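> Once you've had a glance at the structure underneath, I'll fire off some questions.
The values are calculated or read from the model by the stated rules, or taken from the named source; none is laboratory data. Predicted, not measured: the structure shown is a model, and the values here were computed from it. Methodologically, a virtual Cβ is constructed for each residue, glycine included, from the backbone with ideal geometry; neighbour enumeration extends over all protein chains shown. These accessible areas exclude ligands, DNA and RNA; they are computed on the full protein's heavy atoms, side chains included. Shrake-Rupley method; radii C 1.70, N 1.55, O 1.52, S 1.80 Å.
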Amino acid sequence: MRHILAVASIALALAIGGSPLALAAGPETSDSQPDRTVLPITPEPFKGNIERTAKNSTPDFPKALEAPEGAPNVLLILTDDVGFGASSTFGGPIQTPTLQRLADNGLRYNMFHTTALCSPTRAALITGRNHHSVASGVITEFATGYPGYNSLVPKGAGSVGEVLKENGYNTSWFGKMHNVPDWMSSQAGPFDLWPSGLGFEYFYGFLGGDSDQWHPALYENTTPIEPYLGKSDYILDHDLADKAVAWMRMQHALAPSKPWLLYYATGTAHAPHHAPKEWIEKYKGQFDQGWDKVREETLARQIKLGIVPPNTQLTKRPEEIPAWDSLSADQKRLYSRMMEVYAGALSYADNQIGRLLSAVEESGQLDNTLVIFIMGDNGASAEGTLQGTTNEVATAGNGVTESLPFLLSMIDELGGPLAYNHYPVGWAHAMDAPMQWTKQVASHFGGTRNGLVISWPARIKDDGGLRSQFAHVIDIVPTIYEAAGISPPTMMDGVEQKPLDGTSLLYTFDGATAPTRHSTQYFELVGNRGIYKDGWMANTTPLRLPWVTIGEEPDPNNFKWELYNIDEDFSQAKDLAAKYPDKLKELQAAFDAEAKKYNVYPLDSSFASRADPSIRPSLTRGRTEFNYYPGMIRIPEGSAPDFKNKSWTVAAEISIPTGGASGILATIGGRFGGWALLLQDSKPEFVYALSNQPQHKFRIASDQAIPPGNHVVRVKFDYDGGGIGKGATGTLLVDEKQVAQGKIPQTIGVRFSLDETFDVGEDTGTPVSEDYASEMPHAFTGTLKRLAVVLEPENLSEAEKASMREELAKALMAVQ
């Protein structure tokens, strides 16, 4: 855009007979304000004088881009999977002193809403537009080929990072992203939808939906990094706070008059629920009373604190969630511990955020820092099944079951690196008290209502105040722009910008009783839908339980509708649909209008079936043969060969030195689901993990060491067929001679992992087998010359498949 403007200026000057230099010294005065509605801002014209020599000329540097005078720093904080009734600041049982500290010096909002799911909320948050309007109607891993759902955030919906950067801010992003399309998350890019492509000058975090706190798959800008290696006490939340503090201090030291945007999006408290053991122990015994009693205690505190109206009713527990008193002693002991782990994780994350806040205060910047702390990107998650889990992806995504004895055997590992744990549904429901339902359920406030605190000492004077105006996550960007004195751009980088959908909340800062300005808001997520309009809420009744992620895909036309008067019914407890049928029809028509306006259609109530990477664009689409080399690591599953539900071969051309060799040749996934081809003391092995359970670990190994020299080690994976996740036979070959074979009765059918990757020559993240856990990343100590992958086309006959295998064998042997 800048080049276009420069060329146009020169052309105009020549056309009128002047010189480009003369035109550059235009009439604009230094007192004039730049036009911030078109970004990038046009630089001021040259005001010096140019003669033939420098001695007779007058220099003039272009004026540096500056933010509007008095523009505040912006600290935007977002936690993950935290319900309205979780934090102590909003009456919950989990201590959040940092959030409370901000609330005591700012405002609490008790009618703030999100979209009910990760990616949609995050896309809406950074753009100020409704989630379907920015192609984020569902998480990126479930994207489908429709404008509201393809996960390709349009350039006409510029992010707050880009807008503030072009208005004189430094910008950064720490923690979770979850808005990069599944097929664009590899080192091949493109990177325009990564944080660095969205205007955030520095990124330190992860791209996926969740992250192992002990072994995170992190990026620094676009470079994969493994900061946990060699650090036995590493945990992500502490690392994020360290990096955020360091970045903020650097900006202030180098450019103290320049404001900054720091977006801090911890992955806590999304599963896996990980925390230092001492933080978990702080909650020992505090949830022994069970989820039903905790809900009652939470509502009582909320009423006492004035967080909810005195007449607020505690909504009924869905009959599908067991009563706490119906559980066995073992179940109560296990489930209480799972909740203690969750509470410890959230408190620890709050503590680390407190370190960042203290650093801002110590630097003298807190007074003019707008802090926006959203406690949760949706309601609490019910994706941990009715009994909880030690392996979220296996149970929610791949249909693996866990027995109560197995879960009890893992009770002391919960929260640590050997578990990818998630609490039971009953706790999710309790953390959303007093509302109904949970994450995924956009029709009800249990899925969408989250606590919000805003602090800005220089501007907000009603310290400790409560605000009850209806608000939504799309209101955050307009709030930031108004606070900074910035008009939303109408044009950015040559692309016309969509109008913002949200409403600034600045009107509430001095107006505790000001009428709500955000008068209409639709909700939709996987078929669950609703609409708020002028104090009323019409919404559907869920037909798929949020913890039933596989198999049930109800017809969106079959959903029943409910109706609530939100002005009188804070928790959606009294359904008035039968009493006011005309009001219900009015709101249903309003939803249809909003749905058409914002790309909500077509409705789709499916869930885990959309996790299959093969339904989206892919770098591997149509390819059956791949070549990789040592050092090619951290290749996301969506950009790797699809090893699921088909036969395939992986062959490694290696050289073993005198003395032997060990290490990884290729692997995908890790401890909680994946496979690895490796050598241990020169003996080839193939290990397959359906889950982290001992009976789901399959090892096919030779007891004969491969002699020094050049060899080809190959694993042949013959899939049984007949559907997804069926069995397979694994065969190990050395120089095309079979050395081991074994049966794998069940395989991963949907997704190996949400955060682990395909690696060649070493294993990042967690090990597939504990046999080499102490040697991670277990890099191959011989020479790996090349790794070949061949996927067998499913429409080939057996004779064609046999011929293809024979050709591959000949080719591999010829390489030697």
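> How would you order 554-563, 474-483, 75-84 from highest to lowest mean count of nearby Cβ atoms within 10 Å?
So the order, starting with the most tightly packed, is 75-84, 474-483, 554-563.
> For Lys585, give me every one of the aspartates and glutamates with a C-alpha distance below 14 angstrom, ignoring sequence neighbours fewer than eight places off in its own chain.
Glu562
> What do you get when you divide the Cα radius of gyration of the chain by 2.2 N^0.38 Å, with N the number of residues?
Taking N as the residue count of the chain, the ratio is 1.01.
> With unit charges on the beta carbons (Lys and Arg positive, Asp and Glu negative) and the dipole taken about the Cα centre of the chain, which residue among Ala188, Ala275, His131 sits farthest to the positive side?
So the residue furthest toward the plus end is His131.
> What do you get for trypsin sites (Lys or Arg not before Pro) in the range 583-615 restricted to DSSP loop and a cutoff of at most 15 other Cβ within 10 Å of the site's Cβ?
none
> Measuring with a 1.4 Å probe in the full set of protein chains, what accessible area per residue, in whole Å², belongs to the chain?
Ligands and nucleic acids excluded, the result is 37 Å² per residue.
> Step through the residues of the range 315-325 one at a time and calculate ³J(HN,Hα) from phi using the Karplus curve (6.51 cos²θ - 1.76 cosθ + 1.60, θ = phi - 60°), rounding each to whole Hz and writing x for Gly and Pro.
The phi angles translate into 5, 6, 6, x, 5, 6, 8, x, 5, 4, 5 Hz.
> Can you send over the solvent-accessible area of Phe626, 1.4 Å probe, protein chains only, in Å² to the nearest 10?
Near enough 10 Å² of accessible area.
> Kindly flag which residue pairs out of Lys683/Lys716; Lys176/Lys597; Lys646/Lys743 have an alpha-carbon separation exceeding 24 Å in this structure.
Lys176/Lys597
> Given Cα pairs under 8 Å that are at least 6 residues apart, what percent is the relative contact order of the range 636-692?
That works out to 25 percent.
> Can you work out the Karplus-derived ³J(HN,Hα) for every residue in the range 614-621? Use 6.51 cos²θ - 1.76 cosθ + 1.60 with θ = phi - 60°, whole Hz, and x for glycine or proline.
5, 8, 10, x, 7, 5, 9, 4
> Given Cα positions, please report Rg to Rh for the range 413-467, the hydrodynamic radius being the Kirkwood one.
Ratio of gyration radius to Kirkwood radius for the range 413-467: 1.18.
> Can you pick out the pairs among Lys165/Lys243; Lys293/Lys583; Lys498/Lys560 whose Cα atoms lie more than 24 Å from each other?
Among Lys165/Lys243; Lys293/Lys583; Lys498/Lys560, the Cα-Cα distance tops 24 Å for Lys293/Lys583; Lys498/Lys560.
> If you don't mind, there's one more thing I want to ask. Please give the contour-minus-distance gain from Lys737 to Ile225: 0.36 nm per residue of separation, less the Cα-Cα distance, rounded to one decimal in nm.
180.5 nm
> Taking amide H positions as placed 1.01 Å from N in the peptide plane, with prolines and chain starts having none, which residues 5 or more places from Ile77, or on another chain, fall under 5 Å of its amide H?
Tyr264, Ile372, Phe373, Ile374
> In Å, what is the Rg of the alpha-carbon atoms in the range 715-785, and how long is Dmax?
Calculated on Cα positions, Rg and Dmax stand at 14.6, 39 Å.
> Can you give the calculated 222 nm mean residue ellipticity of the chain, where each DSSP H run of n ≥ 4 adds -39,500 (n - 2.57) and the sum is split over every residue, rounded to the nearest 500 deg cm²/dmol?
-7000 deg cm²/dmol
> Okay, moving on. Could you give the dipole magnitude of the chain about its Cα centre, charging the beta-carbon of Lys and Arg +1 and that of Asp and Glu -1, in debye to the nearest 20?
Rounded to the nearest 20 debye, it is 600 debye.
> Once phi is turned into θ = phi - 60°, what whole-Hz ³J(HN,Hα) does the Karplus curve with 6.51, -1.76 and 1.60 give for every residue of the range 583-592, x standing for Gly and Pro?
Running phi through 6.51 cos²θ - 1.76 cosθ + 1.60 with θ = phi - 60° gives 5, 4, 4, 4, 6, 4, 5, 5, 4, 4 Hz.
> For the chain, which whole percent of the accessible surface, found with a 1.4 angstrom probe, sits on carbon and sulfur atoms?
Ligands and nucleic acids excluded, carbon and sulfur give 52 percent.
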